[in-house]
Amino acid sequence: MEKKIVVNVEDKQIRVAVLDGEELVEYFTERKGFEGFVGNIYKGVVMDVLPGLQSVFVEIGLEKRGFLHINDVSLFTPGDIALFHETRRSPCFKSRDVQKLFKRGQEVIVQVAKEGIGMKGPKLTTGLTIPGRYLVLMPGTPRIGISHRISSEKERRRLRGVVRDLKPREHGFIIRTASQGKLKNDIKRDMDILLKRWDTIINKAKNSRAPVLLYRDVEMVPRVIRDIFTEDIDKLIIDDKDSYKEVRSYLEHNLPNMKDRLELYEGSYPIFDAFKIEDDLKQLYKKKVWLKSGGYIVIDQTEALTSIDVNTGKFVGNKDHSKTIVKNNIEAAEEIARQVRLRDIGGIIIVDFIDMENEGDRKKVISKFQEFLSNDRSRPQIHELSQLGLVEMTRKRVRESVAARELDPCPFCKGEGMIPSPSTLAIMLEREINRHFMMTGKKHLTVKIHPLNIERIKERLQPLLSKLSGYIGGSVTFVGDYGLAMDEVEIV
């Protein structure tokens, strides 16, 4: 099946969807002005040393101080700027005592490994990584790693040999999946770019007062090209001319063999409607997800963990009750693997499959579940299926899930339910207004919305309303309707 990356560039948000055939398999979003911090490198100052927690708090210039635990302190590069160029025999490098490694007021180089979630500040590490197209540089860590997705042992040996011959002794590299089949010159060019980038970071660190940002990871569209636009992607389709030109220029200079896969979308319908993505995205905010056979899963997210319950629903199957349950569980396992990727659910996940008495059936379901999860870049780990049908699963949590980023507690049920936040609702409404103007050709619309949302929404939509008025003489009238829910909108 054809694999496509579809990029929708809006005034306030960039959305990226990955399609395998017609099925949505991955979804990424980034709001302009609210870019994340994961991957950024800072020169910070140690503010507190906590021996009891074996951790330090580091001021890096963000709203909340970063949290650095002893387990995230690299044995090779504990973060002290001076130590990057000293002998690796210093006894402090092997110490597992946070008091021996850090003192209050000490300057350190750290990288954000995980965004702050809830009341917590960002999680930091001194084991720095700087990603490129084919390699990931690990400054001061003299080892070579390789992507587990490169399955050919012969190719693994070749790539390790190439990197071993090219790399400086004091630095290490992770060989990415995209390097598979690439020539030595391609890998060398990527390595040279990364080493030059590291030199720039170190020079800025030496000449700047902490706290200061030393390196920011690239924005959404360039990151898509670097991390996702690999040889198995057949098309990259973008609906914004400026972004299209930037990507095309990059491909012409760096990946000329991939430039013919790039397309500019100029259709009359919004791009996510044209590829039937919008309907799938609406499901991301719902707790209940229906399966094709008539069964369903229920996803409940809490701060501590996420629970997913599997139900047969309308699915009655055949006369063999055990086969019906196994079929429903396998179908649920496939959808769960898809949903955790789309919703970016991390941390502890408990899946309650329908009880199966036969040990062979349980093994079959768990094997299929592992197979469905194998394409997840976050590399989830799952444990054995119990007799009660419970599976404990962990998935790397780098940032808040889609629900945590885009939903707010409902004011009417005291936080027991979730509704789109005002900013999320404004972006959704802006998209709907644009769609109606594009698809109907009308110049005047009436929007019915809950009265409590009117002022908050109008304020956020003011740039759009001014643009519509100036460009096409259009207008939008807002009408309050207490009969609508807080997350409901009607366009007349």
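Rule-based calculations on the coordinates, nothing more; no lab input. Quick caveat: nothing in here was measured; it's all calculated off a predicted structure. Note: ideal-geometry Cβ built from the backbone for every residue, glycine included; neighbour counts use all protein chains shown.
Multiplying each eigenvalue of the alpha-carbon gyration tensor of the range 41-215 by 5 and taking the square root yields semi-axes of 31, 16, 16 Å, largest first, rounded to whole angstroms.
Work out the charge dipole of the range 250-354 with +1 on the Cβ of Lys and Arg and -1 on the Cβ of Asp and Glu about the Cα centre, then indicate which of L284, A332, P270 is farthest towards its positive end. Final value for the positive-end residue is A332.
Distance between the 7 Å Cα→Cβ label points at I228 and H148: 2.2 nm. Backbone phi angles across the range 359-364, fed through the Karplus curve with coefficients 6.51, -1.76 and 1.60 (θ = phi - 60°), yield HN-Hα couplings of 4, x, 5, 5, 5, 5 Hz in residue order; Gly and Pro are listed as x. Taking 7 Å steps out from each Cα toward its Cβ at D199 and D279 produces label points 5.5 nm apart. Computed per residue of the chain from DSSP H runs no shorter than four, each worth -39500 (n - 2.57), the mean residue ellipticity at 222 nm is -10000 deg cm²/dmol.
Of interest is the spacing of the C-alpha centroids, which for the range 323-374 and the range 19-62 amounts to 30 Å. Remark: spin-label model distance K287-R156 equals 4.4 nm, labels positioned 7 Å along the Cα→Cβ axis. Simple point charges give the picture: +1 on the Cβ of Lys and Arg, -1 on the Cβ of Asp and Glu, and for the chain a dipole about the Cα centre of about 2020 debye.
Scanning residues 5 or more positions from G127 or on other chains, those with amide H under 5 Å from its amide H are S74, with H placed 1.01 Å from N in the peptide plane. Shape summary of the range 199-315, radius of gyration then Dmax from alpha carbon positions: 21.6, 66 Å.
The 3J(HN,Hα) values that the Karplus relation (6.51, -1.76, 1.60; θ = phi - 60°) gives for the range 129-134 are, in residue order, 9, 10, x, x, 6, 10 Hz. Gly and Pro appear as x.
The overall shape of the range 286-395 is prolate: from the C-alpha gyration tensor, with semi-axes ordered a ≥ b ≥ c, the ratio a/c is 1.5 or greater and a/b exceeds b/c.
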